[in-house]
Amino acid sequence: MLPSAWVYILTNKNHFVLYTGVSTDLSSRLYEHATGQSRKSFTFRYSVSKLVHYEGFETVKEAIRREKYIKGKSRTWKEALINSKNPGWRNLKDDLKSI
């Protein structure tokens, strides 16, 4: 079964900023971040659009619970989460084509 909701972590070019979000359509949401469709948003102001971590969930409720959990953790914890699956912090956007 394909996930119906996603939790994701984005960063900027120099990995100074981490942004955690949730979406039911991850590809579309990443496009919105990359193109700066909301000029007043945090991700636009800090040029945050590089996908470095994502997780799929069966329900939106589960995804929101996980998003809040991740947001409550320290930067060090988030970096360890990213490093556990993506040690090079490469952009995982192209991986989504196989989902």
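In table form, for the structure just shown:
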{"read-out": "Every residue from segment 16-38 that is outside any helix (DSSP H, G or I) and β-branched (V, I, T)", "value": "V17, T20, V22, T24"}
{"read-out": "Meets criteria (free of Cβ contacts under 8 Å to residues at least 12 places away in the same chain, closer than 20 Å to L96 by Cα and not charged (D, E, K, R)) for T11", "value": "no"}
{"read-out": "Which listed residue, of V22, V7, V48, is touching a Lys or Arg at 6+ places or on another chain (Cβ under 7 Å) and modelled with pLDDT of 90 or more", "value": "V7"}
{"read-out": "Subset of segment 14-64 (residues that are free of Cβ contacts under 8 Å to residues at least 40 places away in the same chain and among the β-branched types (V, I, T))", "value": "V17, T24, T35, T43, V48"}
{"read-out": "Counted residues, segment 50-99 - those being surrounded by 13 or more Cβ atoms within 10 Å (Cβ to Cβ), of a type outside the set (K, R) and closer than 19 Å to T11 by Cα", "value": "17"}
{"read-out": "Any hit, segment 38-46, residues being crowded, with 16+ Cβ neighbours inside 10 Å, farther than 13 Å from V7 by Cβ and of a type in the set (G, A, S)", "value": "no"}
{"read-out": "Residues located in segment 81-95, provided they are part of a helix (DSSP H, G or I) and either in contact with a strand residue (DSSP E or B) (Cβ under 6 Å, 6 or more places away or on another chain) or within 14 Å of L18 (Cα to Cα) (or both)", "value": "L81, I82, N83, L92, K93"}
{"read-out": "Qualifying residue in segment 70-79 (condition: of a type in the set (S, T, N, Q), without any contact (Cβ under 8 Å) to a residue 12 or more places away in the chain and not in a helix (DSSP H, G or I))", "value": "yes"}
{"read-out": "Residues being touching a strand residue (DSSP E or B) at 6+ places or on another chain (Cβ under 8 Å), surrounded by fewer than 19 Cβ atoms within 10 Å (Cβ to Cβ) and of a type in the set (A, V, I, L, M) - total across segment 1-17", "value": "2"}
{"read-out": "Sole exception among (1) touching a strand residue (DSSP E or B) at 6+ places or on another chain (Cβ under 8 Å); (2) modelled with pLDDT of 95 or more for R65, by number", "value": "(1)"}
{"read-out": "Scan of segment 39-55 for residues that are of a type in the set (S, T, N, Q) and either part of a loop (DSSP other than H, G, I, E, B) or on the phi > 0 side of the Ramachandran plot (or both), ordered by number", "value": "S41, S47, S49"}
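The values are calculated or read from the model by the stated rules, or taken from the named source; none is laboratory data. Keep in mind the model is a prediction, meaning the values are calculated, not measured. Here Cβ is always computed from backbone atoms with ideal geometry, including for glycine, and neighbour counts include all displayed protein chains.
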